[in-house]
Amino acid sequence: WSLNQPKDTSNDQAIPDFVLPAIDGSTVQLSERASLHSAIVLVFYRGSSCDTCRSQLAEFQSSYQAIQNAGAEVLAIDLEGESDAQAMATEMGVRYPVLYDGSTMATVYGLSEYLATDYTTATLLIDSRLSLIGNPIGTKTNEVLPGSVILNALQQANGTGAQS
């Protein structure tokens, strides 16, 4: 599932903060949200015309309560813009925040090339200090990242995962 590490980010290095508009009319600052949660599940997706993206957002929706119970928040970023983000979130009944950006932050995080060519979604796990947890996770056409993978990663990051 892992993408190659984008740009210069690593587990020990803070990733860039952002302030982006949300479909509810508010703005969301990553660092502010991260300070309120143990982690942020940040998913970039191509837009409503992408069936795999729709399936991925539905998977995060079905896992949302468990992700919240693990102390994390999901933030989805639509790369197509406000009207696309609004339509998709409304149609799917998404309860987590949906933001829109074009491709600015995907470019800043070094994900634009991946999302333009090989991957349909890219998911990053970010801790409360804005450090990347593990590597970015990408899905290709017809692949959906199971919520259980995210929950397991969150448990491991919180030190509550199963011991081997």
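The values are calculated or read from the model by the stated rules, or taken from the named source; none is laboratory data. Source: prediction; values computed, not measured. FYI the Cβ positions are ideal-geometry reconstructions off the backbone, even for glycines, and counts take in every protein chain you see. These area figures cover heavy atoms from the full protein model, side chains too; ligands, DNA and RNA do not enter into them. Shrake-Rupley method; radii C 1.70, N 1.55, O 1.52, S 1.80 Å.
Across the chain, the mean sequence separation of Cα contacts (distance under 8 Å, 6 or more residues apart), normalised by length, yields a relative contact order of 34 percent. Of the residues Leu111, Leu36, Leu99, the one that moves most in a GNM of the chain with alpha-carbon contacts below 10 Å is Leu36.
Using the heavy atoms of the protein chains alone and a 1.4 angstrom probe, what is the accessible area of the chain per residue in square angstrom?
Values: 7570 Å² over 164 residues.
Heavy-atom accessible area per residue stands at 46 Å².
Placing R0 at 41 angstrom, the Cβ-Cβ distance between Gln156 and Glu113 gives a FRET efficiency of 0.90 after rounding to 0.05. Taking a ≥ b ≥ c as the square roots of the eigenvalues of the Cα gyration tensor of segment 63-122, is the shape rounded (a/c under 1.5), prolate (a/b larger than b/c) or oblate? Oblate. For the chain, the residue among Ile40, Gly81, Ala70 whose Cα projects farthest onto the positive side of the dipole built from Cβ charges is Ala70. Note on Lys140 and Ser35: the extension gain reaches 34.7 nm, defined as 0.36 nm multiplied by sequence separation minus the Cα-Cα distance.
The charge dipole of the chain, taken about the Cα centre with unit charges on the Cβ atoms of Lys, Arg (+1) and Asp, Glu (-1), comes to about 340 debye, rounded to the nearest 20.
With θ taken as phi - 60° and the Karplus curve 6.51 cos²θ - 1.76 cosθ + 1.60 applied, the whole-hertz 3J(HN,Hα) list for segment 71-82 is x, 10, 10, 9, 10, 9, 10, 7, 7, 8, x, 4 Hz, x standing for glycine and proline. What the phi angles of segment 49-64 give under the Karplus curve with 6.51, -1.76 and 1.60, with θ = phi - 60°, is a coupling list of 7, 9, 4, 5, 4, 4, 5, 5, 5, 5, 5, 5, 5, 5, 9, 4 Hz, glycine and proline written as x.
Quantify, in whole percent, the carbon and sulfur part of the accessible surface of the chain (1.4 Å probe; protein heavy atoms only).
Working: 3340 of 7570 Å².
Summing carbon and sulfur atoms, their accessible area is 44 percent of the total for the chain.
Straightening the chain between Asp24 and Ala58 buys 10.4 nm, computed as 0.36 nm per residue apart minus the Cα-Cα spacing. Backbone geometry of segment 119-136 corresponds, through the Karplus equation with coefficients 6.51, -1.76 and 1.60 at θ = phi - 60°, to 3J(HN,Hα) couplings of 10, 9, 9, 9, 10, 10, 9, 10, 7, 5, 9, 6, 9, 5, 9, x, 9, x Hz, x marking Gly and Pro.
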